[in-house]
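Report on the following structure.
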Amino acid sequence: MASPVLADKPAVTPPPGRRRRRPGFGRRDHVIGWLLIAPAVIYFVIFLLYPALAALYYSFTDWNLRTAPNWVGLANYTDLLFDDVKYPHFWKSVQVTLQYTLIAVPLTLGTALVQALLINAIRRGSNTFRLLLFLPVVTAEAAVGAIWRWLYDPQYGLVNTMIGLVGIPPQNWLNTPDLVIPALSFIAAWQCGISMIIYLAGLKGIPDSIREAAIIDGAGPVQRFWKIVVPMLRPTTFYLLVTGVIAALQVFGLVYVIFSGGGGRSVTGGPEQSGLTYVLHLYLFAFRYDAMGAACAMSFILFVFIMIITALQFKFVKQEAS
């Protein structure tokens, strides 16, 4: 009996446009991908994740940087929030920081928007003005603090000279408790270069057809600003508002330089602690009062507060352009 002959199976060709992957090629791509992101992962773990976890641990301890940390549980948090005798200036620093945020953030955004509108209207030399207005951002905070301490000088400062031209008497800006926060807020508005650049990018993104249609309909400059520019810049304003509030709640370098007498050995936050911001107070606890555990606890209290404020902004502030 003859055995059946099996017919040869036709060769299976891959569909057009798809090349057959070589064995191990996907694994090689996987390894190469990890090698490419390895520097960023190592940086994140060593310089961000590990310090954050270590600070979280030390926030539950009594540690002075010299001896072994002593576990105290939630004592640092409860003492900071409720013990006015042990930490008499904690809530004062919270108050100062909130006042600074409420003044500095709107003033900075308003100044940045005005600068962006002026530069956007300039046809020639806009790049030069953009560079000049951005210089305060890249200037070292030590230099900025030294310059503004001279500008606010009660006898020789240019600020008192300028306000004297309109009949306002000279002010002792950095030694009068009621004027310290407005003085710091003016400096923040002077350093609005990043916000100005972002606002300028938002203005460039508004279609010219909308402006032209508004002009044809008879809308004046003020109407075009309120009915077109402001609604179209809502996403930009929301982004700058969120980032500006976060930055204002963490202000430190400028306050440290301005209120550091004798090379930083007598930092007190100004007269009657009127410039004692939260992060400056945190710094004093960490490196002046040898209370690193309390300082770590303050940092996580600030972290939670920033998260709450940011969540509220996302919930109640309009984000979409209209």
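The values are calculated or read from the model by the stated rules, or taken from the named source; none is laboratory data. In this text, all values refer to a predicted model and were calculated from it rather than measured experimentally. All Cβ positions, even for glycine, are placed from backbone atoms using ideal geometry, and neighbour counts span all protein chains on display. Each accessible area value is taken on the protein alone, full model and side chains, heavy atoms only, with ligands, DNA and RNA left out. Shrake-Rupley method; radii C 1.70, N 1.55, O 1.52, S 1.80 Å.
Structural remarks
- Looking only at residues in the stretch 148-161 that are at pLDDT 90 or above and surrounded by fewer than 14 Cβ atoms within 10 Å (Cβ to Cβ), the one that is farthest from L131 (Cα to Cα) is T161.
- Any hit, the stretch 156-174, residues being among the hydrophobic types (A, V, I, L, M, F, W, C) and touching a Lys or Arg at 6+ places or on another chain (Cβ under 8 Å): yes
- A count restricted to the stretch 162-220 and to residues that are open to solvent by less than 30 Å² (accessible area, probe 1.4 Å) and charged (D, E, K, R) stands at 0.
- F60 being closer than 30 Å to R288 by Cα, of a type outside the set (G, A, S) and open to solvent by less than 60 Å² (accessible area, probe 1.4 Å): yes
- For the stretch 289-322, filtered to residues that are of a type in the set (D, E, K, R) and in a loop (DSSP other than H, G, I, E, B), the residue that is farthest from D178 (Cα to Cα) is E320.
- Of residues in the stretch 221-255 being over 19 Å from L117 (Cα atoms) and free of Cβ contacts under 8 Å to residues at least 60 places away in the same chain, the one most open to solvent (accessible area, probe 1.4 Å): Q250
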